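Asks: Sending over a structure as structure tokens; questions will come in a sec.
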Amino acid sequence: MLHIVKKEVPKTREKIIVRLSAVLAALAVASIIVLVAGANPLELYIGIVQGCFGSLYRFAATIEKMVPLLVLSLGVLVAFKMRFWNIGAEGQFLMGAVGTTLVVRLLPDLPLPVMLVLMIIVSFLFGAVWLMIPAFFKARFGTNETLFTLMLNYIALTLVTALQYDFWKDPAANGMPKIANLPENALLPSAGGFNLSILMAVIIVLAMYYFMNRSKIGFEIAVLGESENTARYIGINVTRTIIIAALVSGGLCGMVGMMQTTGVSGALSTEITGGLGFTAIIVAWLSGLKVPFVVVNSFAFAVLLQGASYIQTAFQIPGSVAEMIQAIILFFILGSEFVLQYRLVSDKTKSEVA
Amino acid sequence: MNNEYVVKMENITKVFGKVKALDHVEFSLKKGEVHAILGENGAGKSSLMNVLNGIYMPDEGQIEVKGQPVNISSPKIALDLGIGMLPQHYKLVDVFSAMENVAAGSRKTSPFLNKKKILDEMGKLIDQLGMDINPNKKVYEMSVAEKQSLEIFKVLYRGADILILDEPTAVLTPQEINNLFEIVKKMVATGCSVIIITHKLEEVMEISDRITIMRKGTTIQTVNKEETTPQELAGMMVGDVMELNVPYVSVERGQKCLEVKDITAIDRNKVHILDHVSFDLYAGEILGVAGIAGSGQKELCEGIAGLYHIKSGEIIFEGENIVGKNPEKISQMGISLSFVPEDRLGMGLVSSMDIIDNVLLKDYRNKKGLGISREVSRDKAEALVERLNVSTPAIENHAVSLLSGGNIQKVLLGREIELEPKLLVTAYATRGLDVGSSQIIYDLLNEQKVKMKPIMYVGEDLDVLMSLCDRIMVLCEGRVTGIVDPKKTTKEAIGLMMSGVRSEGEEACSIS
């Protein structure tokens, strides 16, 4: 009989080899689906690369997809580092977008720089509050944050639906349920398809790297995540640390709401998140909760997303095929984690391992 | 009872790494008997039973069950042979009722739950054993004793007639223990055989027919209850005083540093885990704390460090009552706790971090501002590794969990000592260490003693406690059963105190 046994931490070399082979194997399997859909797999894969890097415009589109995912993943990372399972990035994202739109509605005539700064602050606070609610209940009453944050996603989504279909419905949209586009003085400046949110993302990455690796509070978050006993033993204020981590985590996710509304979609809507809040969980996890790897993996995911949308139009294949390719690659990479962490042994060798 | 053997284990050896957990152990169980396995912590009792239950595969040895040689490679196979073990930590589904827990995983059930049939069967078995189980009660509404009954019932329901109870009484009140023993007696009357692991002598004398004493991975002897006495058992359990190379350093004891007055603490099960504990600790002495695992040592250490809630009583340190102060404050006053729990990394060290970060744990607050600096900690970590001869490939990017147990201990204790604490509380500092590493730890402690530091040393090995310490306090079920001078007492006497027999008068002056 075979048993599953945890093995020692793999070397970096082994990790790279295993993951690369996972991607290759995934592409091989995906080829079958591509063939069924009536396209040439090799051409299609080259198409993905072209779709992402083929021109400056396409590259800008890739980066545009990377930025929100990157910031969301960093937000999720902060909470996960503390073993606080924030599944609510979607909701915080939406609330940030609501906050952004609220600023414009209340103060529509602010000059652009003031408007942007105010929107950043408000979206951060909206996202932060949305995560502080479950964080408070967790710290105070020990409630389960996984369910709590998940539920808040639906509340946020329903709130946006209500705004879109009723309270903030644009009267000029001929009865279409849509919220009015933001005015010029509330849009992120952009040049050649690259908008200001890229700069914001760079600053956030650097700040988060410092926060997680070089700051007292980041260190405390990591200790608390590893062992609450140790944290208490060295005198960390557990409640305070949970609250601060939730503030940063929710706040970052909220800021993405601002970046997407003002930089990409131009208006708040129920579709604004595109499920990125959940994808961010995968990215943060695959990156081993380390900031530099989050950057790399967000880029890899953005390539998949952008490549998929490009091949749909370029190869005339259904969008679902592109999504299937994405899912297969993801499935193989997640599966390879198992290979990296466990091995199978037969009964005969079991006693040496036990 | 007859002389038919249902279990025979011969020459069982099991090695973990370098440690021989079981060394050519012999064990046999007769049909219809209650057989107690007696021994100190780490004697190999649980390991032996894990072999019988198919959790460990022995490296050597034969097992016969009901006359047939068998190879038990999983608990499932053990259960097929009629061997069932009561887990130390209950594995019940809280939101299920008793009946649902019994049905879950039982191979008697078809894919569909036949509640009526199961209830009928349960009813019969419950009547037969006189157990107090309400099949419809949810597990989360049950007391610890009820959960235990349910676990026993589950094993029996699945057809086990050889039942292993691993320290079943540790979590029970005296009344509940009586109930449990009643059930055990009824089980035996219906033809079951029972193995009970314990270290409580009185219980052994009450319930068992035969007793096997284990010590340091070997069987010392199997005796009939009628032919022995608690004193003899205690003697066999602790063994002769061994020649150990644990140096005692003679130091003129200084002033009183810590005064613990009548402290009481209650655990989650509302049991008095510390029951009116009082003692003093002086500069330049090592006060040993002995006791069976779970007698309140952990809670005492944590209570002093401010990590465990003390319900009543006072702990006076430097003229101030520190009960109720938060851990940060207490640690700033110079009280250091290096507690090594069973998993070694549960407190004090962060297992996934490297040595530098673990040194930083106690350091990072000293730097002003929001940032941390690893430079100072790096120097300290290097010094620590060199001074204590910690064997590690790197102090950076190499998680301490990857180090061997001895090296982990050195890092933990070394870091605490580097901080020059005014009071050192250390528990199980040499647990799992080889002789050489233990030696370094003893030397470290003696060095601190010479510097007139007060040290509290919670230990497991009586031989070590007796040669290292100036005084030994014995705990049993949260009570102090004696504070003795190891030079004026015997191991047997301490062994008896660990089992709850109070010492008479020795060093009474320091208790008062």
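Asks: Go through (1) free of Cβ contacts under 8 Å to residues at least 24 places away in the same chain; (2) of a type in the set (A, V, I, L, M); (3) within 22 Å of A:LEU276 (Cα to Cα); (4) touching a strand residue (DSSP E or B) at 6+ places or on another chain (Cβ under 9 Å) and name the single condition A:MET176 misses.
Replies: (3)
Asks: Mind checking which residues of the stretch B:159-184 are outside any strand (DSSP E or B), in contact with a strand residue (DSSP E or B) (Cβ under 9 Å, 6 or more places away or on another chain) and either free of Cβ contacts under 8 Å to residues at least 24 places away in the same chain or aliphatic (A, V, I, L, M) (or both)?
Replies: Selection gives B:ALA160, B:ALA170, B:LEU180, B:VAL184.
Asks: To continue, here is another question. If A:ALA267 satisfies every condition in (1) of a type in the set (Gly, Ala, Ser); (2) at pLDDT below 90; (3) in contact with a strand residue (DSSP E or B) (Cβ under 6 Å, 6 or more places away or on another chain) but one, which is the exception?
Replies: With respect to (1) of a type in the set (Gly, Ala, Ser); (2) at pLDDT below 90; (3) in contact with a strand residue (DSSP E or B) (Cβ under 6 Å, 6 or more places away or on another chain), A:ALA267 is out only on (2).
Asks: Exactly one of these conditions fails for B:GLU302: (1) buried (at least 22 other Cβ atoms within 10 Å of the Cβ); (2) of a type outside the set (Phe, Trp, Tyr); (3) more than 14 Å from every other protein chain (Cβ to nearest Cβ). Give me its number.
Replies: The single condition B:GLU302 does not satisfy is (3).
Asks: Mind checking whether some residue in the stretch A:59-80 is surrounded by 19 or more Cβ atoms within 10 Å (Cβ to Cβ), of a type in the set (D, E, K, R) and in a helix (DSSP H, G or I)?
Replies: The answer is yes, given that some residue of the stretch A:59-80 is surrounded by 19 or more Cβ atoms within 10 Å (Cβ to Cβ), of a type in the set (D, E, K, R) and in a helix (DSSP H, G or I).
Asks: Just for the stretch B:349-382: of the residues that are outside any loop (DSSP other than H, G, I, E, B) and touching a residue at least 24 places away in the same chain (Cβ under 8 Å), which one is farthest from the chain's Cα centre (by Cα)?
Replies: Looking at the filtered set, the residue picked out is B:LYS380.
Asks: Give the residue, chosen from B:GLU318, B:GLU285, that is of a type in the set (Asp, Glu), open to solvent by less than 30 Å² (accessible area, probe 1.4 Å) and within 16 Å of B:LEU424 (Cβ to Cβ).
Replies: So the residue among B:GLU318, B:GLU285 that is of a type in the set (Asp, Glu), open to solvent by less than 30 Å² (accessible area, probe 1.4 Å) and within 16 Å of B:LEU424 (Cβ to Cβ) is B:GLU285.
Asks: Answer yes if at least one residue in the stretch A:176-185 is away from chain B (no Cβ under 12 Å) and closer than 20 Å to A:SER73 by Cβ, and no otherwise.
Replies: Scanning the stretch A:176-185 turns up no residue that is away from chain B (no Cβ under 12 Å) and closer than 20 Å to A:SER73 by Cβ.
Asks: Let me ask something else about it. From (1) closer than 30 Å to A:ALA39 by Cβ; (2) in contact with a Ser or Thr (Cβ under 7 Å, 6 or more places away or on another chain); (3) not basic (Lys, Arg), pick out the condition that doesn't hold for A:GLY254.
Replies: Exception for A:GLY254: condition (1).
Asks: For the stretch B:284-298, name all the residues that are closer than 11 Å to B:ASP470 by Cβ and touching a Cys at 6+ places or on another chain (Cβ under 7 Å).
Replies: The answer is B:ILE286, B:LEU287, B:GLY288.
Asks: Does A:VAL296 count as closer than 30 Å to A:ASN185 by Cβ and open to solvent by 60 Å² or more (accessible area, probe 1.4 Å)?
Replies: No.
Asks: Counting only residues that are modelled with pLDDT of 85 or more and within 18 Å of the chain's Cα centre (by Cα), which one in the stretch A:309-332 is most open to solvent (accessible area, probe 1.4 Å)?
Replies: Applying the filter and picking the extreme gives A:PHE331.
Asks: Out of B:SER401, B:SER437, B:SER391, report the one residue that is open to solvent by 10 Å² or more (accessible area, probe 1.4 Å) and within 14 Å of chain A (Cβ to nearest Cβ).
Replies: The unique qualifying residue is B:SER401.
Asks: In addition: If you scan the stretch A:236-245, which residues turn out to be at the interface with chain B (Cβ under 9 Å from one of its Cβ atoms) and crowded, with 20+ Cβ neighbours inside 10 Å?
Replies: A:ILE236
Asks: Under the condition of being over 22 Å from B:GLY313 (Cα atoms) and surrounded by fewer than 24 Cβ atoms within 10 Å (Cβ to Cβ), which residue from the stretch B:467-479 is modelled with the lowest pLDDT?
Replies: B:SER467
Asks: For the stretch B:35-79, give me each residue that is within 25 Å of the chain's Cα centre (by Cα), of a type in the set (A, V, I, L, M) and within 13 Å of another protein chain (Cβ to nearest Cβ).
Replies: Passing the criteria: B:VAL51, B:ILE55, B:MET57.
Asks: Check whether at least one residue in the stretch B:258-269 is open to solvent by 10 Å² or more (accessible area, probe 1.4 Å), among the polar types (S, T, N, Q) and assigned to a loop (DSSP other than H, G, I, E, B), and report yes or no.
Replies: Within the stretch B:258-269 (the criterion being open to solvent by 10 Å² or more (accessible area, probe 1.4 Å), among the polar types (S, T, N, Q) and assigned to a loop (DSSP other than H, G, I, E, B)), the answer is yes, since at least one residue qualifies.
Asks: If you scan the stretch A:186-219, which residues turn out to be in contact (Cβ under 8 Å) with a residue 24 or more places away in the chain, open to solvent by 50 Å² or more (accessible area, probe 1.4 Å) and within 14 Å of chain B (Cβ to nearest Cβ)?
Replies: Residues satisfying the conditions are A:TYR209, A:ASN213.
Asks: Among the numbered criteria (1) under 12 Å from B:ILE164 (Cα atoms); (2) surrounded by fewer than 22 Cβ atoms within 10 Å (Cβ to Cβ), which one does B:VAL51 miss?
Replies: So B:VAL51 meets the others, but not (2).
Asks: Taking the stretch A:23-42, which residues are in a helix (DSSP H, G or I), open to solvent by 40 Å² or more (accessible area, probe 1.4 Å) and without any contact (Cβ under 8 Å) to a residue 40 or more places away in the chain?
Replies: Within the stretch A:23-42, A:LEU24, A:ALA28, A:ILE32, A:LEU35, A:VAL36, A:LEU42 qualify.
Asks: Looking at the stretch B:208-224, which of the residues that are assigned to a loop (DSSP other than H, G, I, E, B) and closer than 16 Å to B:ILE195 by Cα is most open to solvent (accessible area, probe 1.4 Å)?
Replies: Looking at residues that are assigned to a loop (DSSP other than H, G, I, E, B) and closer than 16 Å to B:ILE195 by Cα, I get B:ASP209.
Asks: If you don't mind, there's one more thing I want to ask. Modelled with pLDDT under 95 and part of a helix (DSSP H, G or I): does that describe A:ASN153?
Replies: In short, no.
So that you can scan it fast, the table gives a plain yes or no per residue for (1) in contact with a strand residue (DSSP E or B) (Cβ under 6 Å, 6 or more places away or on another chain); (2) of a type in the set (Ser, Thr, Tyr); (3) surrounded by 14 or more Cβ atoms within 10 Å (Cβ to Cβ):
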{"residue": "B:GLN62", "(1), (2), (3)": "yes, no, no"}
{"residue": "B:GLY67", "(1), (2), (3)": "no, no, no"}
{"residue": "B:SER74", "(1), (2), (3)": "no, yes, yes"}
{"residue": "B:GLY82", "(1), (2), (3)": "yes, no, yes"}
{"residue": "B:MET99", "(1), (2), (3)": "no, no, yes"}
{"residue": "B:LYS124", "(1), (2), (3)": "no, no, no"}
{"residue": "B:MET131", "(1), (2), (3)": "no, no, yes"}
{"residue": "B:VAL144", "(1), (2), (3)": "no, no, yes"}
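Asks: I've got another one for you. Report, by residue number, each residue of the stretch B:349-388 that is closer than 16 Å to B:LEU413 by Cβ and open to solvent by 50 Å² or more (accessible area, probe 1.4 Å).
Replies: Across the stretch B:349-388, the qualifying residues are B:LYS380, B:ALA383, B:GLU386, B:ARG387.
Asks: For residues that are of a type in the set (Gly, Ala, Ser) and in contact (Cβ under 8 Å) with a residue 40 or more places away in the chain, scanning just the stretch A:220-235, find the one that is farthest from the other protein chains (Cβ to nearest Cβ).
Replies: By that ranking, first place goes to A:GLY225.
The values are calculated or read from the model by the stated rules, or taken from the named source; none is laboratory data. Source: prediction; values computed, not measured. Ideal geometry is used to build each Cβ from the backbone, glycine not excepted, and the neighbour counts take in all protein chains shown. The area values use the complete protein model at the heavy-atom level, side chains included, leaving out ligands, DNA and RNA. Shrake-Rupley method; radii C 1.70, N 1.55, O 1.52, S 1.80 Å.
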